[in-house]
Amino acid sequence: MLVEWIIGKWYLSVTCKACGVQFAFTPDDQPDETHYLTDSAEMVLTCPECYFPLTYNGHEIRKVQAKK
Ligand SMILES: [Zn+2]
């Protein structure tokens, strides 16, 4: 994880296109807003497992809630 994983909180995450690991990259403090999730959004994220930087689009970003 790139961010601290707190049970019950929401995060934005992607699945690494190189190794398949899902990782959260930022807390989502406003779960009702979807501005991160537009298809035009694009960001480069580095996987914490394989350290492979790849570009991710909005439709590849998933909201996840931290669970045990
Ligand atoms: Zn990876």
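Values in this text are rule-based calculations from the coordinates and carry no lab data. Since the model is a prediction, treat every value here as computed from it, not as a measurement. So basically every Cβ, Gly included, is an ideal-geometry build from the backbone, and we count neighbours across all protein chains shown.
Quick notes
- Two-site label geometry, Glu42 and Ala18: point separation in nm, points 7 Å out along Cα→Cβ: 2.0
- Simple label model, 7 Å out from Cα along Cβ direction - Thr26 to Lys63, nm: 1.5
- Residue order, fewest to most surrounding Cβ atoms within 10 angstrom, among Thr26, Thr55: Thr55, Thr26
- Cβ crowding within 10 Å averaged over residues, with 41-53, 9-21 ranked highest first: 9-21, 41-53
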